[in-house]
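Working notes, structure below.
Readers should treat all values here as calculations from the given coordinates under stated rules, not as data from a laboratory. The structure presented is a predicted model; accordingly, all values stated were derived computationally and were not measured. For neighbour counting, all protein chains shown are included, and Cβ atoms are generated from backbone atoms with ideal geometry for every residue, glycine included.
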Amino acid sequence: MAYILLRPEWQARERDVTDEKLYRSRRAFIKRLGLGSVALVTAPTVLGCAGEPGGSAASTTAGGPLDTIPKKAPRKGYPAPRNANFKVPERPVTDRLASASWNNFYEFKNNSMDLKDVWPVTGAYEPFPMEIEVRGLVEKKFKMDVSDLITSMDLEERLYRFRCVEAWSMTVPWTGFPLRKLIERCKPLSKATHVRFECVNRPDQMPGIRASRSFYKWPYYEGLRMDEAMNDLAFVATGIYGEPLPKQNGSPLRLALPWKYGYKGPKAIVKIEFLDRRPGTFWNDLQPSEYGFLSNVNPNIPHPRWSQASEKFMRTLDDIQRIPTQIFNGYADWVGSLYPDEPTTPQRPMAR
Ligand code: MTE
C-alpha cells in the first residue's frame, strides 16, 4: 500500500476506498461514457478527482480564457463599488487568469475531467438572452429577462473565499447583488421553507451534457433553506474581477455561497422554485454518502476519500500553497448561528 503514502490524502485512489467489484463496474461504465479520468472515476467521484492544480496557464491572446465574456452581457454597473464588509485579510486575491481557466462546470466536461479543459469548449454557449422562471410557493408565478434583472440591481463587489469540495481554493472578487434582494422580488409565500435552483439545459451548446446525458440527471439543480438564502453572505454573482462573468464561471448569473463547498453554487440559473420541503440536489441525489445537502465547509468532516482539514490555495495556476481550512470557510460570525449541530471536533466521514 506504499503508493497511498506517495499520494496527497485528498487524491486517495478510489479503489482504496470502494468495493473492488463496484469500482470495476463504475470504471467500465465511465470509460464507455468517455468521462474517465486517470485516478478516480465514478461520476460523483469525479467531483473529487479532476486533476492537480498546476500546469501551464492557457493563452491570454484572442480566444483565450479571458475572452469568453459574452458580447451581449450588460456592462452597466461595472466595475461595481467594493463592499468593505467582505474582505479576506489573510491571503491574496487569486489571479484572474487562474479563476477563468480552472473550472468545474460539468455541462462542459466533454471528454476530459481536467478543470483546464472547460473554457475552451464554451464557444457555442450563448447565455444572452435568457429568462429566469419563478414558480412554486410565490404570490404569482412569473418570468424575468436576465439582462433586465442585472441592470435593475445595484451591483456591488465582494471579495470572498471560495472552497471546492475537491480541496482547492481561491479568493475571488465577485460582482453582483444579495440573493435576498432577488428573493424579495420573487415574493415567496410565508410557508416556503426552501428554495430550489435549476440551471440551463442546452445540450446543443453544452458538450458535457451531450456526452453524459444517460448518466447525470440534467439539468444541474441545487437548493437552500430559506434562512440560508436570506443570509447576508448569500450572493448572486453576475460578474467577477470587475467585469461580467465569463461563460465558464457561470454566465449569465450564479450563486456565490462562500461558507459552503463550491458545488452548492449553481451556475447559469434559469428556474427558481419555492417549496415547503427540502429539495433534492444534483450531487446529493447521485452520491448521498459523499455530498450532503448542507455541505458547509468544515475541516472536521473528512470527505470519505480525502481529508478536508486543509486546502490547496491557488494564487495562480502554478503558485499553490497548502493552508488550513477554517470552519464555515472563515464565515462562522456570519452563518455559525444557522447551524447549531455543525460538528466542531474531528468526525468520521459523513455527508451533511
Ligand atoms: N453549476 C453548474 N450548473 N454545473 C456545474 O457543474 N459545478 C459546481 C459549481 N456550480 C457546477 C455548478 C462546482 S463543483 C464548483 S467547485 C463551482 O461551480 C466552480 O465554480 P468556478 O468554475 O467558477 O470556480
> Are there trypsin sites (Lys or Arg not before Pro) in the range 275-348 that DSSP marks as loop and that have at most 10 other Cβ atoms within 10 Å, and which are they?
Replying inline: Arg277
> Using r as the Cβ-Cβ distance of Asn300 and Lys187, and R0 as 30 Å, what FRET efficiency do you calculate, to the nearest 0.05?
Replying inline: 0.20
> Say each of Arg278 and Phe128 gets a label point 7 Å from the Cα, pointing the same way as Cα to Cβ; how far apart are those two points in nm?
Replying inline: 3.9 nm
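Taking 41 Å as R0, compute the FRET efficiency from the Cβ-Cβ separation of Asp232 and Ser289 and round it to 0.05.
0.80
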> Considering the Cα trace of the range 211-306, what is its radius of gyration and what is Dmax, both in angstroms?
Replying inline: 14.2, 38
>> Students often get this wrong, so check it: of Lys71/Lys187; Lys187/Lys271; Lys140/Lys191, which have C-alpha atoms separated by over 25 Å?
In response: Lys71/Lys187
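Quick one: net charge around Phe105, please, counting Lys, Arg +1 and Asp, Glu -1 for every other residue with C-beta under 13 Å from its C-beta.
Net of charged neighbours comes to +3.
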> When ranked by the protection proxy of mean other Cβ atoms within 10 Å per residue, highest first, what sequence do the peptides 129-142, 249-262, 281-294 form?
Replying inline: 249-262, 281-294, 129-142
>> How would Thr193, Thr344 line up from fewest to most surrounding beta-carbon atoms within 10 angstrom?
In response: Thr344, Thr193
> Which loop-located trypsin sites (Lys or Arg not before Pro) does the range 160-220 contain, where loop means any DSSP state but H, G, I, E or B and the Cβ has at most 15 other Cβ atoms within 10 Å?
Replying inline: Lys191, Arg213, Lys217
> Among Pro279, Gly262, Pro246, which residue has its Cα positioned farthest towards the positive end of the charge dipole of the range 244-287, with +1 placed on the Cβ of Lys and Arg, -1 on the Cβ of Asp and Glu, and the dipole taken about the Cα centre?
Replying inline: Pro246
>> Net charge around Leu245, counting only other residues with Cβ within less than 11 Å of its Cβ (Lys, Arg = +1; Asp, Glu = -1)?
In response: +2
> By counting other Cβ atoms within 10 Å of each Cβ, how are Leu97, Leu233 ranked from fewest to most?
Replying inline: Leu97, Leu233
> Reachable aspartates and glutamates from Lys72, Cα under 16 Å, same-chain residues fewer than 8 places away excluded?
Replying inline: Glu126, Glu131, Asp145, Asp148, Glu243
> Going by how many other Cβ atoms sit within 10 Å of their own, how do Tyr263, Tyr216 line up, fewest first?
Replying inline: Tyr263, Tyr216
> If each of Arg225 and Asn201 carries a label point 7 Å out from its Cα toward its Cβ, how far apart are those two points in nm?
Replying inline: 2.9 nm
>> Give the aspartates and glutamates whose C-alpha is closer than 18 Å to that of Lys87, dropping any in the same chain fewer than 8 places away, or say none.
In response: Asp95, Glu156, Glu157, Asp232, Asp333
> Summing +1 for each Lys or Arg and -1 for each Asp or Glu, what net charge is found among the other residues whose Cβ lies under 14 Å from the Cβ of Gly208?
Replying inline: +3
> If you take the beta carbon distance between Asp341 and Ala309 as r and set R0 to 22 Å, what does 1/(1 + (r/R0)^6) give as a FRET efficiency, to the nearest 0.05?
Replying inline: 0.65
